[in-house]
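Asker: One structure is given below, represented as structure tokens, and several questions about it will come after.
Rule-based calculations on the coordinates, nothing more; no lab input. Predicted model, so just to flag it, every value in this text is computed and none were measured. FYI the Cβ positions are ideal-geometry reconstructions off the backbone, even for glycines, and counts take in every protein chain you see.
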Amino acid sequence: MSNVLVIAETISHGATPATLELIAAAKVLAGDNGNVITAVTASSGSDHPQVPVDTLYVLDNDALGDSDSATFDAATDAFTALSINLKPDIILFPRDDRSSVVAPRLAFRLNAAFARECTGAERTADGIVVTRPVYGGNANARFRIPFGATCVITLRPGAFEPAANGTASDTRNFDVSESIRNSGSVLLRTVQEQQPGVRLEDAEIVVSGGRGLGGPEPFKLLGELAELLDGALGASRAACDAGWIDHSHQVGLTGKTVSPKLYLAFGISGASQHMAGCSSARNIVAVNTDPDASIFGDARFGVAGGWSKVLPAFISTIRDIS
Ligand SMILES: Cc1cc2nc3c(=O)[nH]c(=O)nc-3n(C[C@H](O)[C@H](O)[C@H](O)COP(=O)(O)OP(=O)(O)OC[C@H]3O[C@@H](n4cnc5c(N)ncnc54)[C@H](O)[C@@H]3O)c2cc1C
């Protein structure tokens, strides 16, 4: 059995889908009679976030703010203090901007093993085995962390079915006021990404476009379809680099990771770096003029044809049946 600490990410005082996945992962990794504890940061005096675990530690300090605006240095100090106190065997982080800075620093301070951007994690007889993409997403590597070694893991969304939402049975405050040092770095401002509708990372349906669309105009149609389906708009890096759509929509190795029930890809070839961001989608439907495009190898359904015929017809059919 292991003690697993989940660093939760919250939105509107509830656990994000990524955090619910981490909690599900933690239960698997803890093993029989293992222990799952969760920690969140909160700004002083704010309502405590709700997370479905037995024990929730709230790190309540002005230097931390809510989880989106916590300064990274303060968060590193706070999580280090909590980890030294609780001595978890495994610390799980979601894949987000804060974790990309805080998780490796925490691993260094705890002299722990660090596995980033994992797409899978399991408990075996010999230790914890994690899977992560390597060589630009062209291969997957498995690493074993033996029992007895502390490890810090950041997990990509889509690796586990999310745990059901709920509230913590026991919420405790953990005082970090003595642990946060004056680092000298100051958070000047946080710019909230403007995304009308559902967040790309949380969407159950993603409608995505690539270079095959030929320009920015078709993205309006894709946006229309995404709205009709209550989904979110995605794109390949080629389309973003061309300036046809903002980079905040980019899916892939250097973009966002999505794990929707349905991923509709129009004019996307299926390069490994793109698929690294959407391969955990339950169903991929591809529309591409090239019948040999590699995306058809990942797609459950495919149309070998031009987007300009398929997309308007698809939109009109959805309008007819909804
Ligand atoms: C380190 C690194 C990181 C990267 N990170 C990412 C990333 O995060 N995300 C990402 O997407 N890419 C990433 N890339 C780039 C990636 O390798 C590909 O270049 C990119 O995904 C290609 O985008 P695309 O499929 O839109 O374009 P293309 O590969 O050019 O494919 C366009 C497709 O459209 C089809 N097509 C053409 N006309 C039509 C039509 N009328 N109707 C329908 N289909 C049509 C073509 O047959 C073709 O298959 C990265 C690359 C590197 C090296």
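Asker: Scanning region 248-280 for residues that are within 21 Å of residue 311 (Cα to Cα) and under 13 Å from the mean Cα position of the chain (by Cα), which turns out farthest from the ligand (Cβ to nearest atom)?
Answerer: Applying the filter and picking the extreme gives 260.
Rundown of residues vs (1) closer than 28 Å to residue 74 by Cβ; (2) within 9 Å of the ligand (Cβ to nearest atom); (3) more than 22 Å from the chain's Cα centre (by Cα); (4) surrounded by 20 or more Cβ atoms within 10 Å (Cβ to Cβ), yes/no style:
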site: 174; (1), (2), (3), (4): yes, no, yes, no
site: 177; (1), (2), (3), (4): yes, no, yes, no
site: 182; (1), (2), (3), (4): yes, no, yes, no
site: 186; (1), (2), (3), (4): yes, no, yes, no
site: 192; (1), (2), (3), (4): yes, no, no, no
site: 202; (1), (2), (3), (4): yes, no, no, no
site: 284; (1), (2), (3), (4): no, no, no, yes
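Asker: Restricting attention to region 299-319, does a residue exist that is charged (D, E, K, R), in contact (Cβ under 8 Å) with a residue 40 or more places away in the chain and part of a helix (DSSP H, G or I)?
Answerer: Yes, region 299-319 contains a residue that is charged (D, E, K, R), in contact (Cβ under 8 Å) with a residue 40 or more places away in the chain and part of a helix (DSSP H, G or I).
Asker: Shifting gears a bit: Give the residues of region 280-297 that are closer than 19 Å to residue 234 by Cα and in contact with a Phe, Trp or Tyr (Cβ under 9 Å, 6 or more places away or on another chain), sorted by residue number.
Answerer: Once the filter is applied, which keeps residues that are closer than 19 Å to residue 234 by Cα and in contact with a Phe, Trp or Tyr (Cβ under 9 Å, 6 or more places away or on another chain), region 280-297 yields 281, 282, 283, 284, 285, 286, 287, 288.
Asker: Return yes when residue 222 is more than 30 Å from residue 41 (Cβ to Cβ) and part of a helix (DSSP H, G or I) and no when it is not.
Answerer: Taking the combined requirement at face value, the residue satisfies it.
Asker: Ok, one more. Looking at 148, 166, which one is within 20 Å of residue 19 (Cα to Cα), assigned to a loop (DSSP other than H, G, I, E, B) and among the small types (Gly, Ala, Ser)?
Answerer: Answer to the selection: 166.
Asker: Let me ask you something else. Would you be able to tell me the number of residues in region 224-247 that are in contact (Cβ under 8 Å) with a residue 12 or more places away in the chain, farther than 18 Å from residue 299 by Cβ and more than 13 Å from the ligand (Cβ to nearest atom)?
Answerer: Adding up the residues that qualify gives 8.
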